[in-house]
Amino acid sequence: MAKSNEPGWWSLFSAGGVVAALFLPITMFLTGIAVPIGWLSAESLRGLVHHPLTRLYLLLLISLPLFHWAHRFRYAAVDLGFKGLGGLLPAVCYGGAILGTVMAVFLLVRL
Amino acid sequence: MTVNSTPKKSKELIRPMPANWWLQKRTYFLFMVRELTCVFVGGYAVFLLILVGRANDAQVFSGLLHSPLSIGLHLIALPMVVYHSITWFNLTPKVMVVWRGEERVSPLLIAGSNYVAWLMISFLVAWIAFKAE
């Protein structure tokens, strides 16, 4: 059998799927509803973002869901008829997730 | 005898697939919605990245969270991500078959424990955020 990176990408997809399923809805509720309607102040959320554990939380919540997107979107795009893109589609997807992870590390360390 | 080396093209039938195949059946449509939830999952990750990038400026950070664009996108993305959670939790027992001795652990128990974990994590994250208030 030819060597394939598939299991590695699938593991990241799966880990991202779990993290997104468990943590994203409540986090989205905080940033998209609780703050705008005034239950939570943006300033206290901003303070929380600077805590080391929150930074780790945010790194996982940015990186893994990006890899989840990359792997799922790659195949969904083909299902929707985007064929003939060859290696470009996976390169853009996984490359985007890697770039997002590097940016997240950079921005979170810089805070 | 000379061997003709031009390979013969096989005559297999490749059925053309119309691009709107997923609109033709409810189950296909729900499958595609499930797959496309990844766009909102990834999109929110990008939003978090922008938010973190602005976290050193109190005014910009607050303005971003209160902007109509952010609120509007959240209202579209949140139901899609909740749909991701539900479909993900319901699929777990199908991917992960657990045996206890001779007995298969009930798929409902596995899916159920996912929902319990979801609830507990959501409360914990909310509690931490509101305690910091």
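Which one is farthest from A:GLY32 (Cα to Cα) among residues in region B:18-76 that are β-branched (Val, Ile, Thr) and within 16 Å of the chain's Cα centre (by Cα)?
Step by step, filter region B:18-76, then rank; the result is B:VAL33.
Name the single residue, out of those in region B:52-65 being more than 7 Å from every other protein chain (Cβ to nearest Cβ) and in a helix (DSSP H, G or I), that is surrounded by the fewest Cβ atoms within 10 Å (Cβ to Cβ). Walk me through it before giving the result.
Looking only at region B:52-65, we keep the residues that are more than 7 Å from every other protein chain (Cβ to nearest Cβ), and these are B:54, B:57, B:59-60, B:63-64.
From the residues that got through so far, the ones that are in a helix (DSSP H, G or I) too are B:59-60, B:63-64.
On the way: B:GLN59: 9, B:VAL60: 13, B:GLY63: 13, B:LEU64: 20.
Out of the qualifying residues, it is B:GLN59.
In region A:46-59, which residues are farther than 22 Å from B:LEU75 by Cα and surrounded by 15 or more Cβ atoms within 10 Å (Cβ to Cβ)? Explain how you work it out, then say what you get.
Of the residues in region A:46-59, the ones farther than 22 Å from B:LEU75 by Cα are A:47-57, A:59.
Once the filter is applied, which keeps residues that are farther than 22 Å from B:LEU75 by Cα and surrounded by 15 or more Cβ atoms within 10 Å (Cβ to Cβ), region A:46-59 yields A:GLY47, A:LEU48, A:VAL49, A:THR54, A:ARG55, A:TYR57, A:LEU59.
Taking region A:82-111 as the region of interest, how many residues are under 30 Å from B:PRO16 (Cα atoms), within 10 Å of another protein chain (Cβ to nearest Cβ) and surrounded by 18 or more Cβ atoms within 10 Å (Cβ to Cβ)? First the steps, then the outcome.
If we filter region A:82-111 for residues that are under 30 Å from B:PRO16 (Cα atoms), which is where we start, we get A:82-94.
So of that shortlist, the ones also within 10 Å of another protein chain (Cβ to nearest Cβ) come out as A:82-83, A:93.
Now drop any that are not surrounded by 18 or more Cβ atoms within 10 Å (Cβ to Cβ), which leaves A:93.
Total meeting the criteria: 1.
Could you check, for region A:36-45, whether at least one of its residues is surrounded by fewer than 20 Cβ atoms within 10 Å (Cβ to Cβ) and either among the acidic types (Asp, Glu) or within 25 Å of B:PHE89 (Cβ to Cβ) (or both)?
Yes, some residue in region A:36-45 is surrounded by fewer than 20 Cβ atoms within 10 Å (Cβ to Cβ) and either among the acidic types (Asp, Glu) or within 25 Å of B:PHE89 (Cβ to Cβ) (or both).
Cβ-Cβ distance below 9 Å, separation of 6 or more or different chains: which pairs start in region A:82-111 with a residue that is without any contact (Cβ under 8 Å) to a residue 12 or more places away in the chain and end on one that is of a type outside the set (A, V, I, L, M, F, W, C) and part of a loop (DSSP other than H, G, I, E, B)?
Partner pairs satisfying both residue conditions: A:ARG110/B:ASN56.
Out of the residues in region A:68-81 that are more than 9 Å from chain B (Cβ to nearest Cβ) and not small (Gly, Ala, Ser), state the one that is nearest to B:LEU23 (Cα to Cα). Reasoning before the result, please.
First, pick out the residues of region A:68-81 that are more than 9 Å from chain B (Cβ to nearest Cβ): A:74, A:77-78.
Filter once more, so that each one left must be not small (Gly, Ala, Ser): A:74, A:78.
On the way: A:ARG74: 20, A:VAL78: 16 Å.
Restricting to residues being more than 9 Å from chain B (Cβ to nearest Cβ) and not small (Gly, Ala, Ser), the top hit is A:VAL78.
Taking B:GLU133 as meeting all but one of (1) modelled with pLDDT under 95; (2) in a loop (DSSP other than H, G, I, E, B); (3) within 25 Å of A:GLY16 (Cβ to Cβ), write down the number of the exception.
(3)
Return a yes/no flag: does region A:91-102 have any residue that is under 24 Å from B:TYR28 (Cα atoms) and either in contact with a helix residue (DSSP H, G or I) (Cβ under 8 Å, 6 or more places away or on another chain) or assigned to a helix (DSSP H, G or I) (or both).
yes
Enumerate the pairs (first residue in region B:86-105 and more than 23 Å from A:GLY17 (Cα to Cα); second residue anywhere and among the hydrophobic types (A, V, I, L, M, F, W, C) and surrounded by fewer than 16 Cβ atoms within 10 Å (Cβ to Cβ)) with beta-carbon separation below 9 Å, excluding pairs fewer than 6 apart on the same chain, so at least 6 apart or on different chains.
B:TRP99/B:VAL105; B:ARG104/B:VAL97; B:ARG104/B:VAL98
Which one of the conditions (1) within 7 Å of another protein chain (Cβ to nearest Cβ); (2) farther than 25 Å from A:ARG55 by Cα does B:TYR83 fail to meet, given that it meets all the rest?
(1)
Among (1) closer than 17 Å to B:LEU36 by Cα; (2) more than 7 Å from every other protein chain (Cβ to nearest Cβ); (3) out of contact with any His (no Cβ under 8 Å at 6 or more places or on another chain), where does A:ARG55 come up short?
(1)
Hey, could you check region B:85-108 for residues that are in a helix (DSSP H, G or I) and exposed (fewer than 11 other Cβ atoms within 10 Å of the Cβ) and say which is modelled with the highest pLDDT?
The extreme case among them is B:LEU108.
The values are calculated or read from the model by the stated rules, or taken from the named source; none is laboratory data. It should be emphasised that the depicted structure is a prediction, and the values quoted were computed from it without experimental measurement. Glycine also receives a Cβ, built like all others from the backbone with ideal geometry; neighbour counts cover every protein chain displayed.
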